[in-house]
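J.: There's a structure below that I have some questions on.
The values are calculated or read from the model by the stated rules, or taken from the named source; none is laboratory data. The structure displayed is predicted, hence computed values, not measured ones. FYI the Cβ positions are ideal-geometry reconstructions off the backbone, even for glycines, and counts take in every protein chain you see.
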C-alpha cells in the first residue's frame, strides 16, 4: 500500500497574509506522522491544500505522485476528518455515510462495517444533530475509513472524546499504520503525540521548523529528565536533592532533572538504594515550547 504525501515549496497567501510559506516535507506510509504547530501556524490550511480544497499560490503537493484532484473517487485514495461539525444535522449517521459511499462508488456494505468499527452501530438511525462532539468525531473517522484508503488525514481528531475514545483512536491510528497506510494527524495534545506518532512535521507561522522522528525532535529541547523507579523513593529523593537535582514524585516514580542518569545510578549505589528503572527522557512538550517560542501568533495577555 503506497500513499506518500509530497509537499514541495508550498505557499498560500490570502491577500496580504501568508498562511503557508515554502513548506517542503514528506509524509511516508507505514507510520503515524504528527503535524504540530502553535495556533495560527498554518496546519489546517496545509491539510486543505493537500486535499485540493484550496489552490496553492505556488508550490505543489501530491498524493502517490498526483494532485489529489486527479484521483477519481477520492475517498478510495484519501480519507479525511477536517471538521466533525461539517455535516448535515438532519441526516442520520447511516444516511450520511451511504451518500458518501454512493458518490464514490463504494459498496454500501462498508457503511455498516465502519459504523461498527467506530462504535456507532447503535446510533446508525439517529439524526446527527443530536450527536455529542465525541460521537461526531467518531462519525467523521468512519467517513474517513469508508473507502478503505491508503492515506488518512485527521485534524484534531481527539476533540470531545472521552478517555476510552482517546485510547481507541490511539490504537486505531497505530493499527492503520501497521497495515502500511499513511496516517497524518494534526493535534495540539503533546502527550498523545508522544504515545502515537513515529515522526513529526512541526510548523510555525506557516514555515517548517522540523520534519524528523519524534525522538530526534524531543532530544532537541534543552531540558531532559530521568525517570527513576526504586522501592525507596523518599530516601533516594532526599539524596538526589542534596546533590543538586530537582525531583518530582508521582505514584512512587521519580522524575529527576539537573542530574544525568549515570550520576543518579552512582549515587544510588553509594547510598545502597536499589533501582528498578533508570531511564533518560527527552520531553516532546518542552522541545515543542522551546523551538516554537518565536513562532507563536497569539500568546496569553495579548503579547505578540
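J.: May I ask you to list the residues in the range 200-220 that are crowded, with 20+ Cβ neighbours inside 10 Å and within 12 Å of residue 32 (Cα to Cα)?
T.: 200, 201, 214
J.: Considering the range 248-258 alone, what residues qualify as being surrounded by 13 or more Cβ atoms within 10 Å (Cβ to Cβ) and either under 16 Å from residue 283 (Cβ atoms) or out of contact with any helix residue (DSSP H, G or I) (no Cβ under 8 Å at 6 or more places or on another chain) (or both)?
T.: 253, 254, 255, 256, 257, 258
J.: Within the range 149-172, which residues are in contact (Cβ under 8 Å) with a residue 60 or more places away in the chain, surrounded by fewer than 23 Cβ atoms within 10 Å (Cβ to Cβ) and within 16 Å of residue 138 (Cβ to Cβ)? Talk me through it step by step, then tell me what you get.
T.: We begin by selecting, within the range 149-172, every residue in contact (Cβ under 8 Å) with a residue 60 or more places away in the chain; these are 149-155, 157, 159-160.
Still in the running and surrounded by fewer than 23 Cβ atoms within 10 Å (Cβ to Cβ): 150, 155, 159-160.
Listed by number, the residues that qualify are 155, 159, 160.
J.: Follow-up question, since we're still on this one. Quickly run through the range 52-68 and pick out the residues that are surrounded by 19 or more Cβ atoms within 10 Å (Cβ to Cβ) and modelled with pLDDT of 95 or more.
T.: If the condition is that a residue be surrounded by 19 or more Cβ atoms within 10 Å (Cβ to Cβ) and modelled with pLDDT of 95 or more, then 56, 61 are the ones that fit.
J.: Can you give me the ranges of the helices (runs of 4 or more DSSP H) entirely in the range 178-243 with at least 1 residues that are free of Cβ contacts under 8 Å to residues at least 60 places away in the same chain, in contact with a helix residue (DSSP H, G or I) (Cβ under 9 Å, 6 or more places away or on another chain) and outside the structural domain of residue 267 (by TED's automatic domain parsing)? So that I can check it myself, show each step before the final result.
T.: Numbers: elements: 190-196, 214-218, 233-242.
Answer list for the range 178-243: 190-196.
J.: Restricting attention to the range 1-45, which residues are part of a strand (DSSP E or B) and in contact with a helix residue (DSSP H, G or I) (Cβ under 8 Å, 6 or more places away or on another chain)? Please lay out each step first, then the result.
T.: Going through the range 1-45, the residues part of a strand (DSSP E or B) turn out to be 5-14, 17-27, 31-36.
Passing the criteria: 5, 7, 10, 12, 19, 20, 23, 31, 32, 34, 35, 36.
J.: Separate question: Consider residue 101 carefully, then state whether it is over 19 Å from the mean Cα position of the chain (by Cα), modelled with pLDDT of 95 or more, surrounded by fewer than 17 Cβ atoms within 10 Å (Cβ to Cβ) and part of a helix (DSSP H, G or I). Don't jump to the end; show me each part of the working.
T.: On the way: over 19 Å from the mean Cα position of the chain (by Cα): yes; modelled with pLDDT of 95 or more: yes; surrounded by fewer than 17 Cβ atoms within 10 Å (Cβ to Cβ): no; part of a helix (DSSP H, G or I): yes.
Considered against the rule, which asks whether it is over 19 Å from the mean Cα position of the chain (by Cα), modelled with pLDDT of 95 or more, surrounded by fewer than 17 Cβ atoms within 10 Å (Cβ to Cβ) and part of a helix (DSSP H, G or I), residue 101 comes out as no.
J.: Among the residues of the range 69-87, which ones are crowded, with 17+ Cβ neighbours inside 10 Å and in a loop (DSSP other than H, G, I, E, B)?
T.: Step one: filter the range 69-87 for residues crowded, with 17+ Cβ neighbours inside 10 Å, giving 71, 74-75, 77-82, 84, 87.
The answer is 71, 77, 82, 84, 87.
J.: Could you please find all residues in the range 56-68 being touching a residue at least 24 places away in the same chain (Cβ under 8 Å) and either part of a strand (DSSP E or B) or in contact with a helix residue (DSSP H, G or I) (Cβ under 7 Å, 6 or more places away or on another chain) (or both)?
T.: 56, 58, 59, 60, 61, 62, 63 - these are the residues of the range 56-68 that are touching a residue at least 24 places away in the same chain (Cβ under 8 Å) and either part of a strand (DSSP E or B) or in contact with a helix residue (DSSP H, G or I) (Cβ under 7 Å, 6 or more places away or on another chain) (or both).
J.: Which condition from (1) within 15 Å of residue 210 (Cα to Cα); (2) not in a strand (DSSP E or B) is the one that residue 48 breaks?
T.: It is condition (1) that residue 48 fails.
J.: If residue 126 meets every condition in (1) surrounded by 16 or more Cβ atoms within 10 Å (Cβ to Cβ); (2) within 13 Å of residue 93 (Cβ to Cβ); (3) in contact with a helix residue (DSSP H, G or I) (Cβ under 8 Å, 6 or more places away or on another chain) apart from one, which number is that one?
T.: (1) is the only condition that residue 126 fails.
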